[in-house]
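Participant: This is the structure I want to talk about, given as C-alpha cells.
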Amino acid sequence: MVRLNAFGQPIGKELPNWRGARQPEKIVRMGRYCRLEPISALLHSKQLYLSFNQAADQRDWTYLLSGPFLTLTDYQTYLSHLETCRDPLHYAIMDMMTQQAVGTVALMRIDSFNGVIEIGSVIYSSSMKRTRIATEVIFLLLTYVFGELGYRRLEWKCDALNAPSRAAAKRFGFTYEGLFRQAVVTRGRNRDTTWYSIIDSEYPALKRAYAQWLLPANFNAQGVQRSKLSKYITEQRAKSCYK
C-alpha cells in the first residue's frame with residue numbers, strides 16, 4: 001500500500017527506530033572451513049603471493065584495480081598500505097585445513113549512517129575457487145553485516161564484462177539492479193559497472209539456505225556438492241513468501 005503525506009505525495013516507509021549501523025571492526029570471523037583475518041603484510045603477504053602465483057596466467061587480475069604483482073616485495077608494499085585502511089577494510093581468507101592464506105576480500109564504501117556497505121576486492125586463488133570456502137566467505141560476511149552490525153543493504157559491483165563475477169553475484173543471492181554506463185576509467189579502459197544488492201529483509205532466507213548448503217552432509221567423499229546453493233535459496237525464499 002502506498003503511503004501519502006499531507007500533500008498527497010507518495011513517501012517511503014517510516015523507520016522510527018533507525019539509528020544507523022555499526023562500523024565493521026578488524027576482528028577475526030570464524031567459519032567451519034575458513035576464517036577471515038584482518039589483512040597483515042607480515043602475516044599474510046608471502047602466503048597470498050604464493051597462492052595467487054599458482055594460477056597458470058594472470059587473467060584473474062584483468063578486471064581488478066590492482067595487480068598483478070611481479071615480486072613479493074611489491075605485494076608486501078601493497079598490503080602494508082591496505083592494513084592501515086578502515087574503508088576498505090580488507091581480510092585475508094584462511095583455509096582452516098591448511099592454515100594458509102588463500103584469498104582476500106573487503107568490506108568497503110561503508111555508509112553506516114544509511115546502513116549500506118559493499119563486498120569488494122574479492123580475489124580468490126585457484127586453490128579456493130569452486131570450493132566450500134569460496135561460498136562460506138560470503139556467508140560469514142552476510143552474517144556479520146546483517147546479523148551483527150545491523151546494515152540494511154549489501155552491495156556487489158563489478159565490471160559489466162566480468163562474466164564470472166556477475167555469475168557469482170547471482171549464485172550468492174544478490175539481485176541485479178542495473179548498469180552504470182561509463183562509470184569508471186580503469187587501466188586506461190572504460191568500465192561499465194553492474195550493480196547488485198541484498199537487503200535486510202532477504203537475509204533470513206539466505207542465511208538458512210547458506211547454512212544448509214555448507215553442511216558436511218551436502219558433500220560427497222570427494223567434496224562434490226549434492227545440491228546446489230541456488231536450490232536452497234529458491235526453497236527458502238518460497239517458504240518466506242508464505243509466512
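Participant: Cβ-Cβ distance below 9 Å, separation of 6 or more or different chains: which pairs start in the stretch 181-202 with a residue that is within 20 Å of Ala163 (Cβ to Cβ) and free of Cβ contacts under 8 Å to residues at least 12 places away in the same chain and end on one that is surrounded by 13 or more Cβ atoms within 10 Å (Cβ to Cβ) and small (Gly, Ala, Ser)?
Facilitator: Arg181/Ala160; Ala183/Ala160; Asn190/Ala183
Participant: For residues that are free of Cβ contacts under 8 Å to residues at least 40 places away in the same chain, aromatic (Phe, Trp, Tyr) and out of contact with any Lys or Arg (no Cβ under 8 Å at 6 or more places or on another chain), tally how many sit in the stretch 146-179.
Facilitator: 1
Participant: Would you point out the residue of the stretch 167-185, among those that are within 19 Å of Ala106 (Cα to Cα) and in contact with an Asp or Glu (Cβ under 9 Å, 6 or more places away or on another chain), that is surrounded by the most Cβ atoms within 10 Å (Cβ to Cβ)?
Facilitator: If we take residues in the stretch 167-185 being within 19 Å of Ala106 (Cα to Cα) and in contact with an Asp or Glu (Cβ under 9 Å, 6 or more places away or on another chain), then Gly173 is surrounded by the most Cβ atoms within 10 Å (Cβ to Cβ).
Participant: Another question about this same structure. Can you name every residue in the stretch 217-234 that is of a type outside the set (Gly, Ala, Ser), open to solvent by 70 Å² or more (accessible area, probe 1.4 Å) and part of a helix (DSSP H, G or I)?
Facilitator: Listed by number, the residues that qualify are Lys231, Thr234.
Participant: Wholly within the stretch 1-119, which strands (runs of 3 or more DSSP E) include no fewer than the required count, namely at least 1 residues that are open to solvent by 50 Å² or more (accessible area, probe 1.4 Å)? Walk me through how you get there before you give the answer.
Facilitator: On the way: elements: 34-38, 89-95, 100-111.
Fully inside the stretch 1-119 and qualifying: 100-111.
Participant: Right, here's the next one. With respect to the numbered conditions (1) part of a helix (DSSP H, G or I); (2) out of contact with any helix residue (DSSP H, G or I) (no Cβ under 9 Å at 6 or more places or on another chain), which one is the sole condition not fulfilled by Leu161?
Facilitator: (1)
Participant: Being open to solvent by less than 20 Å² (accessible area, probe 1.4 Å) and not in a helix (DSSP H, G or I), is that true of even one residue in the stretch 124-135? Break it down into steps so the answer makes sense when it comes.
Facilitator: Taking the stretch 124-135 and keeping what is open to solvent by less than 20 Å² (accessible area, probe 1.4 Å), we get 125, 128, 133-135.
Of the ones still in play, those that are also not in a helix (DSSP H, G or I) are 125, 128.
Yes, there is a match, as at least one residue in the stretch 124-135 is open to solvent by less than 20 Å² (accessible area, probe 1.4 Å) and not in a helix (DSSP H, G or I).
Participant: Assess whether Leu161 counts as being within 17 Å of Arg29 (Cβ to Cβ) and of a type outside the set (Lys, Arg). Talk me through it step by step, then tell me what you get.
Facilitator: Numbers: within 17 Å of Arg29 (Cβ to Cβ): no; of a type outside the set (Lys, Arg): yes.
When the stated conditions are applied, Leu161 does not pass them.
Participant: Out of the residues in the stretch 214-239 that are touching a residue at least 40 places away in the same chain (Cβ under 8 Å) and aliphatic (A, V, I, L, M), which is nearest to Glu136 (Cα to Cα)?
Facilitator: Across the stretch 214-239, the extreme among qualifying residues is Leu214.
The values are calculated or read from the model by the stated rules, or taken from the named source; none is laboratory data. Computed from a predicted model, the values in this text were never measured in an experiment. When we count neighbours, we look across all protein chains shown, and the Cβ atoms used for this are built from the backbone with ideal geometry, even at glycine. Just the protein is used for accessible areas: all its heavy atoms, side chains included, with ligands, DNA and RNA removed. Shrake-Rupley method; radii C 1.70, N 1.55, O 1.52, S 1.80 Å.
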